[in-house]
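Since the structure comes first, as structure tokens, the remarks are kept for the end.
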Amino acid sequence: MTTPIRTVMSPGRYVQGKGAIDRLGEFVSQIGSAPLIVADDVVWGFAGEQVSASFAAAGLRVERVAFGRFATASAVDALVEKIRATHADVIIGVGGGSTIDSAKAAGFLAGIRWVSVPTVASTDAPTSALSVIYTDEGEFVEYRFFPRNPDLVLIDTQIVANAPVEFLIAGVGDALATWLEARATAAAHATTMAGGLPTQTGTALAKLSWDVIWENALPALDAVRDNLVTPALEKLVEANTLLSGLGFESGGLAAAHAIHNGLTAAPQTHGLTHGQKVNIGSLTQLVLEGAPRAEVEDFIEFTTLVGLPTTLTEIGLSVDDEKELRAIATASTLPGETIHNMPFVVTADDVLDALKSIERLSRSVRLARGLPAPVMYVQKH
Ligand SMILES: [Zn+2]
């Protein structure tokens with residue numbers, strides 16, 4: 001049996017600010033001398049000039065490789081080849097979660113260092129020492145764990161403010177789950193993604209993330225609708241990225257992310273963001289916990305105001321989709337899933353009933369609180 005420990009993992013350095021990308025070269029030059037940048041064409045279109053200028057100022061070469069859509073095993077392997085061919089000693093993922101997860105996984109496999117430069121605050125993946133690998137269709141395959149986090153995470157809040165607000169909304173959905181899952185993991189004395197028991201540090205950062213989001217999310221989202229960087233946005237970006245990242249990794253995942261992983265098995269949900277699916281997982285977790293009524297109702301109200309789904313309808317499903325819902329429930333309770341970090345036993349039948357229950361529950365809360373009724377999600381092609 002492995003000796004039980006408590007542990008916290010974190011990136012070597014976290015940098016955030018309006019225009020921070022202009023200093024990327026300066027910070028990367030402290031880590032390596034032969035960088036390889038991974039960025040898709042859209043990201044390179046709006047960030048390439050600034051990144052290139054900052055690298056030139058730091059005396060670094062600008063070697064960039066394009067990227068596809070998902071962090072797949074073959075995408076990672078192709079990056080490893082590129083690292084070897086260019087003799088890179090540090091890989092920099094610039095973009096969204098998939099780009100960054102691929103860069104991390106490739107850096108680890110190639111034995112070099114890695115840096116995350118998220119251009120949106122849509123997930124809490126950039127700070128962590130793990131990558132999530134998907135199929136070409138976007139179905140969850142596996143978590144890959146690394147012995148260390150990125151040496152640097154740099155996020156430019158002006159770039160976040162320039163991006164469509166949907167990314168930030170997704171980030172709120174992902175980050176709100178962090179506290180719900182960390183408190184469940186702590187109550188269960190279960191193992192975190194960092195490979196030990198939760199520390200007070202990890203659990204407290206998860207709670208801080210939750211508090212900062214409730215205080216700042218709505219004004220920050222409005223600021224981004226006008227491409228503005230305000231103090232509320234700075235706080236929300238830190239909560240979504242750093243606090244939630246440390247909080248989920250060293251505080252623990254539980255039912256919400258397991259249900260998210262189950263949802264990726266349903267073709268109807270393809271095209272939805274990670275955070276949208278996680279929010280359904282969070283609400284379902286609250287139901288499974290038998291959480292106090294006020295907590296459940298406030299969660300539904302707040303996340304509806306944020307713009308996140310709180311019903312099956314909004315993720316393209318209905319209570320009559322028995323086959324799909326059962327497949328989701330089964331996938332979310334597979335052995336090794338984080339749902340088994342809950343402080344009580346959760347079966348596929350439990351998840352199935354809880355998932356179905358959120359439809360009527362959210363509709364009635366939204367009606368009572370004067371919020372709009374859900375609109376059916378139809379997958380875009
Ligand atoms: Zn997540």
The correct ranking of Thr347, Thr119 by accessible area at 1.4 Å, largest first, is Thr347, Thr119
Give me the accessible area of Val80, 1.4 Å probe, in Å² rounded to the nearest 10. 10
Top positive-direction residue, dipole computed over segment 30-136 with Cβ charges, set Trp114, Ala78, Phe46: Trp114
Charges on Cβ only, +1 for Lys and Arg, -1 for Asp and Glu, centred on the Cα centroid of the chain; of Gly93, Val160, Ala188, which one is farthest towards the dipole's positive end? Gly93
Which lysines, if any, have their Cα less than 18 Å from the Cα of Lys104, not counting same-chain residues under 8 positions apart? Lys82
Label model pair Arg84, Ser318: point-to-point distance (7 angstrom along the Cα→beta-carbon line) in nm is 5.2
For segment 342-369 and segment 120-169, compute the distance between their C-alpha centroids and round to whole Å. 28
Residue order for Phe344, Phe70, Phe27, Phe145 - accessible surface, 1.4 angstrom probe, largest first: Phe145, Phe344, Phe70, Phe27
Excluding residues fewer than 8 positions from Lys356 in its own chain, the lysines with Cα under 22 Å of it are Lys277, Lys323
Considering only protein heavy atoms, with the full assembly of protein chains and a 1.4 angstrom probe, order Met9, Met342 by accessible area, largest first. Met9, Met342
With springs only between Cα atoms under 10 Å apart, run a GNM on the chain and tell me which of Gly281, Gly251, Gly32 wobbles the most. Gly32
With every protein chain left in place, what is the accessible area of His87 in Å² (1.4 Å probe, nearest 10)? 150
Note, Ser282: beta-carbon cut-off 13 Å, +1 each Lys/Arg, -1 each Asp/Glu, net -3
So what does Asp136 come to for accessible area, using a 1.4 Å probe and Å² rounded to 10? 110
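Can you list which of the trypsin sites (Lys or Arg not before Pro) found in segment 309-381 are DSSP loop residues with at most 16 other C-beta atoms within 10 Å?
Arg369, Lys380
Only helical DSSP H runs with n ≥ 4 go in: add -39500 (n - 2.57) per run for the chain, normalise by residue count and round the 222 nm mean residue ellipticity to 500 deg cm²/dmol.
-16500 deg cm²/dmol
The values are calculated or read from the model by the stated rules, or taken from the named source; none is laboratory data. Computed from a predicted model, the values in this text were never measured in an experiment. No Cβ is skipped: glycine too gets one built from the backbone with ideal geometry, and neighbour counts run over all protein chains shown. SASA here: full protein model, heavy atoms, side chains in, ligands and nucleic acids out. Shrake-Rupley method; radii C 1.70, N 1.55, O 1.52, S 1.80 Å.
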